[in-house]
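Notes follow once the structure below has been shown.
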Amino acid sequence: MLGFDADGVLIVSDSGVADFDRGRTVSRLVVMQAADGRRYFSYRRDQMLADNRFAKIWIGWHWAANDGHRHMIKVMFNPFRSVS
């Protein structure tokens, strides 16, 4: 299964919580270290574009283990979002 075990994961660096999906350019970078010492990253960004639209970009590993057991890879690029 793709992903890495959530047991023993430490957040090494976190640029801080960002208020996503609100119609402004924001980003967050998180670096995690697994129990075996290997490091993983996650980068999420909402980039404002013209006409009240924004590009939603997320690459790397999800910083939370949604199922409580594994961190999964996340890749998303959606340039067609609009601010509601």
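Tabulated data for the structure shown
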quantity: Qualifying trypsin sites (Lys or Arg not before Pro) for the chain [loop in DSSP, other Cβ within 10 Å: at most 14]; calculated: 22, 24, 38
quantity: Charge dipole (debye, nearest 20) of the chain; +1 at Cβ of Lys and Arg, -1 at Cβ of Asp and Glu; calculated: 320 debye
quantity: Top positive-direction residue, dipole computed over the range 1-83 with Cβ charges, set 11, 49, 72; calculated: 49
quantity: Kirkwood hydrodynamic radius (C-alpha pairs) into Stokes-Einstein, the chain, 4 °C and 1.567 mPa s, D in µm²/s; calculated: 95 µm²/s
quantity: Computed lengthening from residue 70 to residue 56, 0.36 nm per intervening residue step minus Cα-Cα distance; calculated: 2.7 nm
quantity: Residue-count net charge about residue 54 - beta-carbon cut-off 9 Å; Lys, Arg +1, Asp, Glu -1; calculated: +2
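A short reminder: the numbers here are calculations on the coordinates, not readings from a lab. If you're wondering where the values come from, they're calculated on a predicted model, not measured in any experiment. Glycine also receives a Cβ, built like all others from the backbone with ideal geometry; neighbour counts cover every protein chain displayed.
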